[in-house]
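Working notes, beginning with the structure itself.
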Amino acid sequence: MTTATLSAGTAQASPNFSSHKLTFLGAVRGEAIKFRTLATNWIMLAVTLLIMVGMGAMFAVATNQMHESALAAQEAVVVGAAPVAGPTVDDVYNYARGIGDSGMMFGSMLVASIAVVFIGSEYASRQINTTLTAVPRRTTAFVSKLLVVSLWTFFIGFISAALSYGIAQLILDSAITEAVAINGDVVRNWVAVGIYCMLMSWMGLGFGTLLRNNAGGIVLVVVLMFILTIALNMVAGASELIQDFVPYLPMALGQSFTAVGVADDAAITNLEAGLWLSVWCLVPALLGWARLALTDSK
Amino acid sequence: MLEVRNLTKQYGNKAAVDGISFTVPDGRVTGFLGPNGAGKSTTMRLLLGLEKPTSGTALIDGKNYRSLPSPLTSVGALLDAKAMHPGRSGRAHLRSLAVTHGLPASRADEVIEMTGLGNVASKKVRGFSLGMGQRMGIAAALLGNPQNIILDEPVNGLDPEGVIWVRNLARHLASEGKCVLISSHLMSEMSQTADDLVVIGRGRILANSSMQDFLALANNDRVLVRTDERDNFARRLQERSVVFEAVDTDGLLVQAPTRDIARLGVDAGVLLHEIIPQVATLEEVYMNMTRDEIEYQSGEFAGQPTPQIATGTPWGATAAKEN
């Protein structure tokens, strides 16, 4: 390893970059390079895609079974038998339209983890010092990261949902596929999955920045998404307050947000669910921003 | 130019940096010395806006680092050789920095070549040695060809060629009118590189002067004298109440002007075959200055060898004991 000699010639050729300023777009481009030059990000995105599409395929098989049960129940009603509890044929068609979100819960955990690691690994490797030396304005640095991770996670969510739908068409009974063509609801479901993944990445980036630690950030996401949901569902019967609160937990809100066929007068509409979910995800993001902006980078 | 004014950084009850003030001028290499934990790195982090001062200011060309419109072209800094994501290649790391300021991708390649990392720049940083990490850190510092350069222990882990290169680089940058602040524990290296010195201990400035003035702080009137008649000459010195101490088997370290020592030798009829004024090294002055400021004091080994220059009992005392 030999270094270049510093000669008078080098001095004369010394470039002048004083006209080059730090810009927000530059900071975003820098974060974009950082995101796409890490193999772990590609691996985690690929795993997310595989899990979401795989879950979609499995849900397609389950949808076929539900369709058969729904048809049987429908015929039973026609012949005067007592109605059987379970999804109706129309419900099953809505499930099929919204099959893109089948793997969303697992996928969203992964995209949140990607976001946690995107910032947490900077603290672990002390890269954050280099990042903040190049982009010393904390809000610019944080928003750049948020923007890049949002775009990638929205993209992977949308693509996974669309692929899940496409593959499900190969598995679903022809009776279902004939009844369920691509329409606005289907595309809205894909977009909603993308937005859901994006919001989860806000939560991940927020917790990662807040705790400055990969494991801690991921654990917080898991607690909020799974543990809290399971725990409150277990005790929901004991209190009406908890029962009323459970549909407003992030996981339940995610399902409500992406669901197809939600009535306009439903207790929580798609839009309301999306807005409440945004609050759940925006709060950690703001806390993370505050930690970055208001405290030392150590 | 870097300006630190009444800068204080408090961590709980402990002041890592305690009201320090100094200026690092353009066109000079300023060495930043101090024992471990003295506050050097904290000061550098405060200059780079990575930490907020409890009070005081740290300015780059009169501005707070965070308010610089073009940080990378104003200041190039190496604070930590391994402050890079291990899973990313060195080239990608530099390009991600360059693009923030709209610098061309070719500039990353230029500094890679400049620092001798051409063969490994495409490899992941996790495979880099400490020396390679230092070179990559220096490459990042040079990316925007900045006016001010801050290097924290830049020669750690470098091979001799790299050490010389860093020395020449610092001198070259200063010759271009740039402001260079370097911290190092390698005194011999610093004595060859720095024009000025800022010495810090326990968060306070102990010295802030040119290298020449700093070395003059040492008690420099000692002269090494060698003679075949050491006992005889020592007696003569003792008669005149001259302070001295024995060195090796035939030497005396005498605190007196060279001419007076030579005259005494002539008068006493003692042949002095060496009369050498002792020039204090940076290390000696530094060690004397920071002796009481060392936070992490090392223990002594049981079998620690005697230093080359004895500082023990004066000759007179030894002679009295023998009598």
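Some values worked out for this structure:
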item: Folded to 0 to 90 degrees: helix A:138-171 orientation relative to chain A principal axis, Cα; result: 30
item: Ascending count of other beta-carbon atoms within 10 Å, so fewest first, for A:TYR93, A:TYR165; result: A:TYR93, A:TYR165
item: Test item: B:168-179 mean partner chain Cβ contacts at 10 Å; result: 2
item: Violating pairs (Cα-Cα greater than 30 angstrom) within the set B:LYS14/B:LYS123; B:LYS52/B:LYS123; A:LYS145/B:LYS14; B:LYS14/B:LYS178; A:LYS298/B:LYS123; B:LYS14/B:LYS63; result: B:LYS14/B:LYS123; B:LYS52/B:LYS123; A:LYS145/B:LYS14; B:LYS14/B:LYS178
item: 10 Å beta-carbon shell around B:GLN212, net charge (K/R +1, D/E -1); result: -3
item: From phi via Karplus (6.51, -1.76, 1.60), per-residue ³J(HN,Hα) for segment A:276-289 in Hz, x at Gly/Pro; result: 5, 5, 4, 5, 4, 8, 6, 4, x, 4, 5, 5, x, 4
item: Anisotropy class of segment A:147-276 from Cα gyration tensor, a/c 1.5 cut; result: oblate
item: Nearest-ten-degree value, helix B:160-175 long axis tilted from longest Cα axis of chain B; result: 80
item: Footprinting exposure proxy for A:LYS145, B:LYS82, B:LYS63, A:LYS34 (fewest neighbouring C-beta atoms within 10 Å first); result: B:LYS63, B:LYS82, A:LYS34, A:LYS145
item: Computed [θ] at 222 nm, deg cm²/dmol, the protein assembly as shown (DSSP H ≥ 4; -39,500 (n - 2.57); rounded to nearest 500); result: -17000 deg cm²/dmol
item: Neighbour-count ranking [beta-carbon atoms within 10 angstrom, fewest first] of B:ARG45, B:ARG107, A:ARG291; result: A:ARG291, B:ARG107, B:ARG45
item: Long-range amide H partners of B:VAL247 with built H, under 5 Å; result: B:LEU252, B:LEU253
item: Where a label projected 7 Å from the Cα of B:ASP292 along Cα→Cβ would reach, residues of segment B:195-209 with amide N under 16 Å; result: B:200-207
item: Inter-label distance for B:ARG126 and B:GLU283, nm, one decimal - labels placed 7 Å from Cα along Cα-to-Cβ; result: 3.9
item: Karplus 3J(HN,Hα) series, Hz, for segment B:15-26 with 6.51 cos²θ - 1.76 cosθ + 1.60 (x for Gly, Pro); result: 8, 6, 9, 10, x, 8, 9, 6, 10, 10, x, 5
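Bear in mind that the values in this text are calculations on the coordinates, not laboratory data. Note that this is a predicted model, so its numbers are computed, not measured. Cβ atoms come from the backbone with ideal geometry, glycine included; neighbour counts cover every protein chain shown.
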